[in-house]
Amino acid sequence: MLRAAERCIQRHGIRKTTMDDIAREAGISRPSVYRYFADREDLLLALLDERSRALTERARKFIDQFPTVEEGLVEGLVYIAEHGHRDEFTRYLASMDDSDFGRRVADTDAFATLTAEFWDPFLDAAEKRGELRSSLSRHDIHVWLGSVGLMLMSILDREEIPNPKAMRELVRQFVVPAFVSPDYAPEETKAPRATSKTSKSRR
């Protein structure tokens, strides 16, 4: 049924796709579809969940190679935006061009949940290293990162950013500062601690 829904969305878009369309495409009766999904929005949420989790699995492996919260946020958000933009179904589902579906996503906090699954391992590690602001609400982080990812996909659709380098600079300037602890400094920039030999030479 989800594959049938994808084909219908590809042809008609989210707004015009109906449960009748999906049932016909899947070769089953309309009541059969309702045995699995309460309504059209419930089916679309399942499709959104499936596509997002597939992207998350790939993106996690990519983001793990960046050792700081700054680089991880920049590269992770750009990765999500670029790959989500290239995936036609993610683009359709993330566009929120259907008011009922948009309200359902908001009511179920779906984007925050999916964002949490992707970012939390990275955020947990950054928190342990002392890179993350301690005053931040994790739920608020999920909502904001999810919104930024959608915004970047939308900007790519409108071709408002000339190249990936420009997108990285936007994220670095306007997103990263909200997350990095003001007390954090990378190990290589911290002042070296005085050794016993140095201390004796100063006496």
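The values are calculated or read from the model by the stated rules, or taken from the named source; none is laboratory data. None of the values given here were measured: they were computed from a predicted structure. As a convention, Cβ positions derive from the backbone with ideal geometry for all residues, glycine included, and neighbour counts pool all protein chains shown.
Only residues in the range 124-148 that are of a type in the set (Phe, Trp, Tyr) count as the first member; pair them with residues that are at pLDDT below 90 and assigned to a helix (DSSP H, G or I), Cβ under 9 angstrom, at least 6 apart or cross-chain, and list the lot. Short answer, once both residue conditions are applied: 144/115.
Among the residues here, residue 129 qualifies as under 18 Å from residue 71 (Cβ atoms) and either touching a Pro at 6+ places or on another chain (Cβ under 9 Å) or modelled with pLDDT of 90 or more (or both). The number of residues in the range 17-41 that are surrounded by 16 or more Cβ atoms within 10 Å (Cβ to Cβ) and either of a type in the set (D, E, K, R) or outside any helix (DSSP H, G or I) (or both) comes to 6. If I ask for residues that are assigned to a loop (DSSP other than H, G, I, E, B) and either of a type outside the set (Val, Ile, Thr) or touching a strand residue (DSSP E or B) at 6+ places or on another chain (Cβ under 7 Å) (or both), which ones from the range 153-179 would you list? Scanning the range 153-179 gives 158, 159, 160, 162, 163, 179. Can you name the residue in the range 1-16 that is in contact (Cβ under 8 Å) with a residue 40 or more places away in the chain, assigned to a helix (DSSP H, G or I) and not aliphatic (A, V, I, L, M) and, of all such residues, is surrounded by the fewest Cβ atoms within 10 Å (Cβ to Cβ)? Only one residue tops the list, namely 10.
Those residues that are among the charged types (D, E, K, R) and in contact with a strand residue (DSSP E or B) (Cβ under 7 Å, 6 or more places away or on another chain), I need them from the range 31-83; list them, please. Result: 70, single match.
Residues are listed down the side, and each one gets a yes or a no for (1) outside the structural domain of residue 86 (by TED's automatic domain parsing); (2) among the polar types (S, T, N, Q); (3) in contact with a Phe, Trp or Tyr (Cβ under 7 Å, 6 or more places away or on another chain):
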| residue | (1), (2), (3) |
| --- | --- |
| 2 | yes, no, no |
| 6 | yes, no, yes |
| 12 | yes, no, no |
| 17 | yes, yes, no |
| 20 | yes, no, no |
| 28 | yes, no, no |
| 31 | yes, no, no |
